[in-house]
1. Considering only residues that are crowded, with 19+ Cβ neighbours inside 10 Å and in contact with a Leu (Cβ under 7 Å, 6 or more places away or on another chain), which ones fall in segment 93-109?
2. Would you point out the residue of segment 13-37, among those that are part of a loop (DSSP other than H, G, I, E, B) and small (Gly, Ala, Ser), that is surrounded by the most Cβ atoms within 10 Å (Cβ to Cβ)?
3. Which is modelled with pLDDT of 90 or more, among the β-branched types (Val, Ile, Thr), crowded, with 18+ Cβ neighbours inside 10 Å and part of a helix (DSSP H, G or I), of VAL113, VAL123?
4. For segment 11-23, state whether one or more residues are under 19 Å from ALA120 (Cβ atoms), touching a residue at least 60 places away in the same chain (Cβ under 8 Å) and of a type in the set (D, E, K, R).
5. Would you confirm whether any residue within segment 137-156 is within 20 Å of ARG62 (Cα to Cα), out of contact with any helix residue (DSSP H, G or I) (no Cβ under 7 Å at 6 or more places or on another chain), of a type outside the set (D, E, K, R) and free of Cβ contacts under 8 Å to residues at least 60 places away in the same chain?
Amino acid sequence: MAPGPRDRLIAGTIALVRERGVAGTGITELLARSGTARRSIYQNFPRGKEQLIEESTRAAGRLMSALIAEFTGSGDPAEGLVAFIQMWKDTLLASDFTAGCPIVAAALCGPEVPAAPAVAAEVFGDWESLLSDQLERVGVDGPVARSLATTVVCAVEGAVIVALSSRSVQPLDRTGTHLAELIRLHLS
């Protein structure tokens, strides 16, 4: 079954925000990308673009959380991290360094969509919890696991930003190497 207008609008918003940021995501481009009529926005998102950005941030967060859960299910947190870094490298290369993280874009769009940074913070918190839970399952002490999870989320998101700006996956390679070492240090 083909996705309905609401799902197409969310998917189109995620794609455009990844490529252009929130400020660069206009309604006209969004309608063209999603193949929906203008009235579909207000039928599905009564507050318009603001609500659409908030909902698309939540949806993108859920998608990424599912990937993180898949990667952390391997049992070895360092291996999961390496797989996650590889996913980002593949994404950046496939998009020719034009598609970043929509959650970061939402975190930075404060004045345009005032609630989006709080939504982004919830998503980042969910990612930290997923990683922290995995680290605790393999024997890392709770506060240390939480701190490591925060470090991983911040470092990977920062590496994605630097990789986009430098048009190189080296920042992800370097960050991944040292994060994996750090994780292994706490496992031994």
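1. Within segment 93-109, GLY100 is the sole residue that qualifies.
2. Taking the candidates together, the pick is GLY21.
3. Answer to the selection: VAL123.
4. Yes, that holds for at least one residue.
5. Yes, that holds for at least one residue.
The values are calculated or read from the model by the stated rules, or taken from the named source; none is laboratory data. It should be emphasised that the depicted structure is a prediction, and the values quoted were computed from it without experimental measurement. Cβ atoms come from the backbone with ideal geometry, glycine included; neighbour counts cover every protein chain shown.
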